[in-house]
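Q: Here's a structure for you.
The values are calculated or read from the model by the stated rules, or taken from the named source; none is laboratory data. Keep in mind the model is a prediction, meaning the values are calculated, not measured. Don't worry about glycine lacking a Cβ; one is built from the backbone with ideal geometry, like all the others, and counts go over all protein chains shown. We work out accessible area using only protein heavy atoms, side chains counted, and drop any ligands, DNA or RNA first. Shrake-Rupley method; radii C 1.70, N 1.55, O 1.52, S 1.80 Å.
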Amino acid sequence: MSEPIVIAIDGTSASGKSTNAKIVAKQLGYVYVDTGAMYRTLAWYCLQKHVDIDDANAVAAACRKWKTDLTCVDNQVRLVIDGYFPATEIRTAETSAAVPKVAAVPKVRTWMKRKQRECVQFGNLVMEGRDIGTNVFPETEFKFYLDATLSERSRRRDADGVRENLADRDRQDSQRAAAPLMIPLGAKVINNSSMTSEETSALIMAEIEKRRQIPR
Ligand code: DC
C-alpha cells in the first residue's frame, strides 16, 4: 500500500489556513488536522491543572503525563484528554493568551510532532499549522504557505469578533527558538489579501494537481 499523502498548510494567524484547509480536505476526501487546536488543548489543560505556563519544565512535565487519545470524527482529528474533547474551551481569550508560551517549549513541540505524525493512521491528511512543512512532515511534496497583510488579517479577526494582537502573535510564532514559523522550502506561497477563500482553495487544488503530475 502507498504511503498516506499529507498536504501541509502553514502560515500566519488569520491567513485563512483553517477555512482553506477544511475546503481542500472536503474536496479531496482527506482528513483535516488542526494542529493549533492541539497546542490550545495543552494550554487549556495547563490552566485547568494550575500548571505555571511560564515554567517550561512544569509545562513539559504536564505534557509528558497527560492522558490523551487521538480520534477521528467526521473526517476531523480530535485530541481527547481523559475522554473529553474541549472544543469551546480552547477558543477562549485566556487559552489564546497562554498558547504561545506552551507552544514555545521544545519538549512540547517534540511531543506534538510525534502525535501529529501519528495522524496518518486515519488516512490522507490536510494538516494546518505553523511548522508542518518545515518540521512535522518535511518530506511531503505538498507544502503551502498562506499569508495576508496585517491590516487584512486584523480585519478578518475583527469580523469574527475576536480581539487579538496579531503583530504580537506573528512575533511570538516566528521568533521562538523551537520550530519557528517559516516558509517551508518548496512551498507554494499564497498571499490572499485580496482573494476569497474560493479563489485561495482553488489555487491550492490546482497546485496539488500540478505537483501530482510530476514523476517522483
Ligand atoms: O492556529 P492557532 O491560532 O489555533 O494556533 C494557536 C497557537 O499555536 C499559535 O500561537 C501558534 C501555535 N502553533 C504552533 O506553534 N505550531 C503549530 N503547528 C500550530 C499552532
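Q: For segment 20-41, how many residues are under 10 Å from I90 (Cβ atoms) and among the hydroxyl-bearing types (S, T, Y)?
A: Count: 2.
Q: Restricting to helices (runs of 4 or more DSSP H) lying wholly in segment 56-137: which have 3 or more residues that are under 14 Å from the mean Cα position of the chain (by Cα)? Give the derivation first.
A: On the way: elements: 56-65, 93-103, 106-118.
In segment 56-137, 93-103, 106-118 are the helices (runs of 4 or more DSSP H) which contain 3 or more residues that are under 14 Å from the mean Cα position of the chain (by Cα).
Q: For segment 161-185, name all the residues that are free of Cβ contacts under 8 Å to residues at least 24 places away in the same chain and either among the charged types (D, E, K, R) or touching a helix residue (DSSP H, G or I) at 6+ places or on another chain (Cβ under 7 Å) (or both).
A: A167, D168, R171
Q: Still on this model: What number of residues in segment 187-199 are open to solvent by 50 Å² or more (accessible area, probe 1.4 Å) and either over 15 Å from G11 (Cβ atoms) or touching a Phe, Trp or Tyr at 6+ places or on another chain (Cβ under 9 Å) (or both)?
A: Looking only at segment 187-199, we keep the residues that are open to solvent by 50 Å² or more (accessible area, probe 1.4 Å), and these are 188-189, 191, 194-196, 198-199.
With either over 15 Å from G11 (Cβ atoms) or touching a Phe, Trp or Tyr at 6+ places or on another chain (Cβ under 9 Å) (or both) added as a condition, the list becomes 188-189, 194, 196, 198-199.
Within segment 187-199, residues that are open to solvent by 50 Å² or more (accessible area, probe 1.4 Å) and either over 15 Å from G11 (Cβ atoms) or touching a Phe, Trp or Tyr at 6+ places or on another chain (Cβ under 9 Å) (or both) number 6.
The rows are residues; the columns are (1) surrounded by fewer than 20 Cβ atoms within 10 Å (Cβ to Cβ); (2) outside any helix (DSSP H, G or I); (3) more than 13 Å from the ligand (Cβ to nearest atom).
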| position | (1), (2), (3) |
| --- | --- |
| E3 | yes, yes, yes |
| I9 | no, yes, no |
| S18 | yes, no, no |
| I23 | no, no, yes |
| T41 | no, no, no |
| Y45 | no, no, yes |
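Q: Hey, among the residues in segment 80-102 that are open to solvent by less than 10 Å² (accessible area, probe 1.4 Å) and within 12 Å of the ligand (Cβ to nearest atom), which one's nearest to T140 (Cα to Cα)?
A: Filtering first and then ranking leaves V102.
Q: Looking only at segment 52-73, which residues are touching a strand residue (DSSP E or B) at 6+ places or on another chain (Cβ under 9 Å) and open to solvent by 70 Å² or more (accessible area, probe 1.4 Å)?
A: Of segment 52-73, the ones touching a strand residue (DSSP E or B) at 6+ places or on another chain (Cβ under 9 Å) are 66-72.
Selection gives K67, D69.
Q: Residue check, M205 against (1) at pLDDT below 90; (2) farther than 24 Å from R109 by Cα, all met but one. Which one?
A: Unmet condition: (1).
Q: Just one of the numbered conditions (1) open to solvent by 70 Å² or more (accessible area, probe 1.4 Å); (2) part of a helix (DSSP H, G or I) is not true of R163; which one?
A: (2)
Q: Across segment 123-143, which residue is farthest from A60 (Cα to Cα) among those that are more than 12 Å from the ligand (Cβ to nearest atom) and surrounded by 18 or more Cβ atoms within 10 Å (Cβ to Cβ)?
A: F142
Q: Further, regarding this structure: Do we find that L146 is open to solvent by less than 20 Å² (accessible area, probe 1.4 Å), part of a strand (DSSP E or B) and either without any contact (Cβ under 8 Å) to a residue 12 or more places away in the chain or within 18 Å of A37 (Cβ to Cβ) (or both) in this structure?
A: Here the answer is yes, as L146 does meet what is asked.
Q: If you go through segment 53-91 one residue at a time, how many are without any contact (Cβ under 8 Å) to a residue 40 or more places away in the chain and closer than 25 Å to S174 by Cα?
A: Going through segment 53-91 one residue at a time, the tally reaches 5.
Q: From R169, R153, grab the single residue that is under 24 Å from Y39 (Cα atoms), at pLDDT 95 or above, in a helix (DSSP H, G or I) and charged (D, E, K, R). Give the derivation first.
A: Working: R169 fails: at pLDDT 95 or above.
After ruling out the rest, the residue left standing is R153.
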